1. Going by the alpha-carbon gyration tensor, a ≥ b ≥ c the square roots of its eigenvalues, is the stretch 42-175 rounded (a/c under 1.5) or, if a/c is not under 1.5, prolate (a/b greater than b/c) versus oblate?
2. Give the order of Asp15, Asp249 when sorted by the count of other beta carbons within 10 angstrom, beginning with the fewest.
3. Which longest uninterrupted range of the chain lacks any chymotrypsin sites (Phe, Trp or Tyr not before Pro) assigned by DSSP to a loop state (not H, G, I, E or B) and surrounded by at most 15 other Cβ atoms within 10 Å?
4. Which of the helices in the chain meet the span-like rule: DSSP H, Cα axial reach of 18 Å or more, Kyte-Doolittle mean at least 1.0?
5. Along the Cα→Cβ direction, 7 angstrom out, place labels at Asp194 and Asp81. What is the inter-label distance in nm?
6. Give me His156, His143 ranked fewest to most by other Cβ atoms within 10 Å of their Cβ, as a rough exposure proxy.
7. What are the trypsin sites (Lys or Arg not before Pro) within the stretch 208-244 that DSSP puts in a loop, where the Cβ has at most 14 other Cβ atoms within 10 Å?
8. Quick one: if the Förster radius is 45 Å, what FRET efficiency do Glu155 and Leu62 give, using the C-beta to C-beta distance and rounding to 0.05?
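What follows is calculated from the coordinates using simple rules that are stated; it is not laboratory data. Only a predicted model underlies this, so the values are computations on that prediction, with no experimental measurement involved. Positions of Cβ are generated from backbone atoms using ideal geometry, with glycine treated the same way; all protein chains shown enter the neighbour counts.
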Amino acid sequence: MIRSGEYYSRFEVQDELSEFCKGRWVAVHQADTSGNLIFQRYFKGRPLKIENLKEFSKVLNLKGLTIRSVYATANVYNALDEVEDVYDFSNIKYCTPTWDIDGTISNWRETLLFAKEIIRYLNSRGIKESVYIKWSGNGCHVHLHERAVSTSLLEHHNPLDLAFSIVEYVRLKLFRKFKELSPKGETVVENKMDLTRVFTCPLSLHRKLDVACVCIKPDQMDEFTPEWLRPESFVHNKAWREFCEGEADEVAKASYSAIGGYPLYTRKRRYRRTKPLDELITTWLNKK
C-alpha cells in the first residue's frame, strides 16, 4: 500500500487537486491509527473546502489523521462559508454533468466501450472540446465541463437542473446500446447527479485500491491501460480544464425539455432528524 502522506506531498498532485476543488464542497477519507476510514465533510462546523494550496496543506493535517482520498461535488458554488450554503439552490454557480460508469478494473476494456459511446453521442451533438474522462478506480466518469453550458442559458435555468437532465437524457438515448455492450449488466451507467453527492477528484488516491484517479481526453482512449493509474508513475492529462462555452447549449435545452430538472428540487433546506451524512457514511464503512 502506497504511503498517502508521501504521495500527497507532491506539488503536481496538490496543484491539480486544489485547482479542481475551487468552489466545490470537499470531502475526504481519512484513516485512524487502527486503519478505520473516517469520512469528513466539515471543518469547525463549516463545509470543507480547498481554494488554494495553502488550504490544501491544512486539509492534509485535518484532525491529525492521514488522508487517503479526496472528493468534491459536481456543484460549484458562489459561496461556501456556512452549512446552509450547500443546500441553497440559488447558490449553485455551475454544475459538472457526470456519467458514472460502474464497472471493475479487471473488465476495464468494457468500461472504456461505454465511455466511447457516451463521447460519440456527445460529439454527434456538437460537443467536442469540453469532454474528459476521469478514471477513478474500478470504473470511470465521463465529465462534461461545467462551462460548456453558456452563461446566458444558466441565467434561465439552475445549473443542477440542467446537469441532471443532460446526464439522464444521454443515458436514456444510449440505453439499448449499453444493454448490447453488457447483456448481463456487469457494467452500468448511472445518473448520480445530486444536491450533495461528491465524486473522486483528479489525482486522488482510491480509498481501497492502490491507484490514482487520472484524467484523459477522448483522443487518448485507445492508448489507455490500467498502468496509467499507478500512483508512482501516473499518466494524467491536465486538459480537463479545456472547454468551449455554449457548445452544450443545444443538448441542454433538448434535455431539459424532455426530462425536466432535478426531481427533488426545493429551495428550502431539508433538515435532518438523523445523524449528519458524513457520520452515517463513516459508520457504514467501518461496519463493512
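1. oblate
2. With the fewest neighbours first, Asp15, Asp249 line up as Asp15, Asp249.
3. Of all site-free stretches, the longest is 1-264.
4. None clear 18 Å together with a mean of 1.0.
5. That separation, rounded to one decimal, is 2.9 nm.
6. Ordered by Cβ neighbours within 10 Å, fewest first: His156, His143.
7. The qualifying sites are Lys208.
8. That pair, Glu155 with Leu62, gives E of 0.75.
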